[in-house]
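See below for the structure under consideration.
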Amino acid sequence: MTRVKKAIYLLFLLLAVACLDEPDCFNLTNDTVTIVFRKMFDGRVDTVTFARVDVTGTQLTVFDEDTVVLTNLSVLVDYTATSSLIKVKTFERITDIELGYRVQGQFVSESCGPKFLLSELKVLNSNADSIAIANATPGAGGNVNVYRCPRTNYLLLAFRELEDGELRRDTLTLAETTADFNYTKLYADSGALSFIRLPLNLASNATTHTFEFEDGETKFITFNYSRADKMILPSCGVQTVIDDIRIVNSNFSRSELIIDTRLKRDSIYDPPIINFQVVR
Amino acid sequence: MTRPLLIFRLCVNLFLLGMVGHAMAQDSLQQKSKWMPTLVRVGYEIISPIRAASVDNFSGWEVVAETNVYRYYPTFEMGGWSRSWEANGGSTYSNDGRYWRLGADVNFLTKDKNKNVFSLGFRYGRSTFSEDATLVIAADPWGNFITTRNNNNVSSGWAELTSGLRVKVFEYVWLGYTARFKFSNSIKQNRDLLTTDIPGYGSTAKETTWGFSYYVLVNVPFRK
């Protein structure tokens with residue numbers, strides 16, 4: 001009966017393994033939706049400065065007037081309903097994203113209680129430039145891609161310093177940057193910076209920016225440019241594009257257009273390229 | 001060839017064919033005898049009623065019938081169970097259903113004088129059941145939420161690898177167990193209430209699960 005004994009041992013081994021067959025109670029409900037912000041032009045992730053994010057119908061506020069810079073945003077959606085409206089307030093705009101989804105319920109165990117499984121995520125309504133579902137099952141990876149149209153009026157200025165006959169990256173501490181027109185600040189324009197994105201007035205052919213440094217010194221640059229209406233991407237419609245940008249006045253010791261044989265640096269790109277450099 | 005000669009040849013051929021057939025039948029008689037079933041065993045699973053008597057949230061039964069074909073044991077099992085659970089937060093779940101399993105075991109104790117059986121085998125199982133649940137959430141940020149959901153006439157199939165033992169206790173009374181590794185559960189989780197427990201299979205929480213049946217069997221031999 002040796003084989004019978006072996007069979008009995010095998011039985012107890014199986015029973016021991018069977019004891020490990022209890023469900024886990026951790027993170028049962030997949031109610032987290034990740035929204036990824038992207039640039040429509042190249043599909044790459046965009047860095048967004050959030051001011052506030054709300055999931056309406058609840059008291060859930062992800063940020064409250066506290067500036068946070070992120071490329072994506074994870075929010076909890078309401079699994080007691082089949083849709084949630086997410087209001088994303090950035091410096092530029094308020095984007096409404098209404099998401100619909102299927103909610104399946106399950107009793108997990110006496111110790112875990114119930115769980116809800118969300119799936120079939122879809123966009124019911126949105127005022128974003130473009131929006132698409134990347135992964136219809138919440139809880140894993142990026143679920144929603146929010147695309148923005150190209151920004152056609154932000155040039156990129158680099159700060160340089162001359163050292164041993166070579167131009168090197170310089171970091172300047174700005175107290176404030178102002179322009180001669182009203183605009184919404186989308187990018188950092190104060191503090192320690194090596195690059196700065198400067199808006200150009202789309203209603204005019206000239207814009208002057210004034211830089212107030214922490215030590216009290218003030219510098220300015222005046223840009224002249226030409227404008228034209230053009231359709232870059234069909235879903236963005238006709239946009240005003242800027243070309244032939246020149247520095248016509250500046251009190252920096254040296255301010256100049258970057259010369260590049262591959263890219264036309266006197267035009268606006270999004271994602272940006274360095275258009276100009278100023279040298280201390 | 002004339003007609004009588006043709007008939008004669010046909011008769012000779014039929015005779016020779018008959019002789020060959022008879023010789024083959026004689027050879028295979030020995031072979032055939034070991035492939036003929038010699039017994040039927042029927043059993044009642046005893047863990048289920050013990051469990052039903054000791055806990056409030058389970059009731060169930062299971063019977064088994066098996067026979068032998070040489071060292072192989074075709075097996076049919078059927079049963080039913082119902083379960084009910086209540087979680088701390090007030091959520092409840094209950095189900096009720098019937099199931100059957102069909103398969104065969106291979107005996108590895110072919111030389112045992114008592115014809116005890118240690119086997120490995122497989123089963124295909126199928127269950128039809130209904131279930132209902134009340135799911136209660138009392139947590140921020142969504143506030144209190146109660147939903148009642150049910151599924152009727154749900155069916156599911158699955159496969160099992162089994163290992164079993166059958167031991168002779170008295171002339172006709174045997175005891176035995178079957179341990180089961182259950183997998184490939186085919187239930188379609190496309191309903192608003194996801195299934196928690198399938199009668200005959202068990203928990204759906206993981207891809208595979210285990211089971212164990214302990215039988216009291218009546219052995220009915222009908223051939224030597």
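To keep it simple, each residue is scored yes or no on (1) over 17 Å from A:Gln106 (Cβ atoms); (2) modelled with pLDDT under 95; (3) basic (Lys, Arg).
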{"site": "B:Arg98", "(1), (2), (3)": "yes, no, yes"}
{"site": "B:Thr110", "(1), (2), (3)": "yes, yes, no"}
{"site": "B:Asn116", "(1), (2), (3)": "yes, yes, no"}
{"site": "B:Gly121", "(1), (2), (3)": "yes, no, no"}
{"site": "B:Arg126", "(1), (2), (3)": "yes, no, yes"}
{"site": "B:Ala139", "(1), (2), (3)": "no, yes, no"}
{"site": "B:Phe145", "(1), (2), (3)": "no, yes, no"}
statement: (1) more than 10 Å from chain A (Cβ to nearest Cβ); (2) modelled with pLDDT of 95 or more; (3) farther than 20 Å from B:Asn68 by Cβ; (4) surrounded by fewer than 15 Cβ atoms within 10 Å (Cβ to Cβ) all hold for B:Lys188 apart from (2)
- prompt: For the stretch B:78-97, does any single residue satisfy the condition of being in contact (Cβ under 8 Å) with a residue 40 or more places away in the chain, of a type in the set (D, E, K, R) and over 20 Å from B:Glu131 (Cβ atoms)?
  reply: no
- request: Would you check which residues across the stretch B:114-145 are at the interface with chain A (Cβ under 9 Å from one of its Cβ atoms), surrounded by fewer than 17 Cβ atoms within 10 Å (Cβ to Cβ) and touching a Leu at 6+ places or on another chain (Cβ under 6 Å) and list them?
  value: B:Pro141
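Where residues in the stretch A:22-39 are surrounded by 14 or more Cβ atoms within 10 Å (Cβ to Cβ) and at pLDDT below 90, which of them is farthest from the other protein chains (Cβ to nearest Cβ)? Please lay out each step first, then the result.
Kept after step one, since they are surrounded by 14 or more Cβ atoms within 10 Å (Cβ to Cβ), are these residues of the stretch A:22-39: A:23, A:28-39.
Then keep just the ones that are at pLDDT below 90; that gives A:23, A:28-29.
Working: A:Pro23: 4, A:Leu28: 10, A:Thr29: 9 Å.
Residue satisfying both the conditions and the ranking: A:Leu28.
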- prompt: Which residues, taken from the stretch A:214-247, are over 28 Å from the mean Cα position of the chain (by Cα) and in a loop (DSSP other than H, G, I, E, B)?
  reply: A:Glu214, A:Asp215, A:Gly216, A:Glu217
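Return the total of residues in the stretch B:155-211 being closer than 30 Å to B:Lys115 by Cβ, of a type outside the set (Asp, Glu) and in contact with a strand residue (DSSP E or B) (Cβ under 8 Å, 6 or more places away or on another chain).
Qualifying residue count, the stretch B:155-211: 24.
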- line: Subset of the stretch B:191-210, residues closer than 30 Å to B:Arg71 by Cα and open to solvent by 70 Å² or more (accessible area, probe 1.4 Å), comes to B:Trp210
statement: The condition of being touching a residue at least 24 places away in the same chain (Cβ under 8 Å), within 14 Å of another protein chain (Cβ to nearest Cβ) and either not charged (D, E, K, R) or not in a strand (DSSP E or B) (or both) holds, among A:Ala128, A:Ala81, A:Ala158, A:Ala140, only for A:Ala81
task: Only residues in the stretch B:200-212 that are more than 8 Å from chain A (Cβ to nearest Cβ) and more than 17 Å from B:Arg98 (Cα to Cα) count as the first member; pair them with residues that are of a type outside the set (Phe, Trp, Tyr) and outside any loop (DSSP other than H, G, I, E, B), Cβ under 8 angstrom, at least 6 apart or cross-chain, and list the lot.
output: B:Thr208/B:Lys182
- request: Would you check if there is a residue in the stretch A:193-213 being open to solvent by 50 Å² or more (accessible area, probe 1.4 Å), within 30 Å of A:Asp96 (Cβ to Cβ) and not in a strand (DSSP E or B)?
  value: yes
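Select, from A:Lys115, A:Lys122, A:Lys89, the only residue that is within 14 Å of chain B (Cβ to nearest Cβ) and either open to solvent by 20 Å² or more (accessible area, probe 1.4 Å) or farther than 23 Å from B:Ala138 by Cα (or both). Lay out the reasoning, then the answer.
On the way: A:Lys122 fails: within 14 Å of chain B (Cβ to nearest Cβ); A:Lys89 fails: within 14 Å of chain B (Cβ to nearest Cβ).
Just one listed residue meets the conditions, A:Lys115.
Considering each residue of the stretch A:140-159, count those that are open to solvent by 40 Å² or more (accessible area, probe 1.4 Å) and at pLDDT 90 or above, and give that number. Before you say what the answer is, go through the steps one by one.
Just the residues of the stretch A:140-159 that are open to solvent by 40 Å² or more (accessible area, probe 1.4 Å), to begin with: A:140-141, A:147.
This time we only want the ones that are at pLDDT 90 or above, so: A:147.
Result for the stretch A:140-159: 1.
The values are calculated or read from the model by the stated rules, or taken from the named source; none is laboratory data. On a predicted model such as this, the values are computed, not experimentally measured, just so you know. Here Cβ is always computed from backbone atoms with ideal geometry, including for glycine, and neighbour counts include all displayed protein chains. Heavy atoms of the whole protein, side chains included, go into the accessibility calculation; ligands, DNA and RNA do not. Shrake-Rupley method; radii C 1.70, N 1.55, O 1.52, S 1.80 Å.
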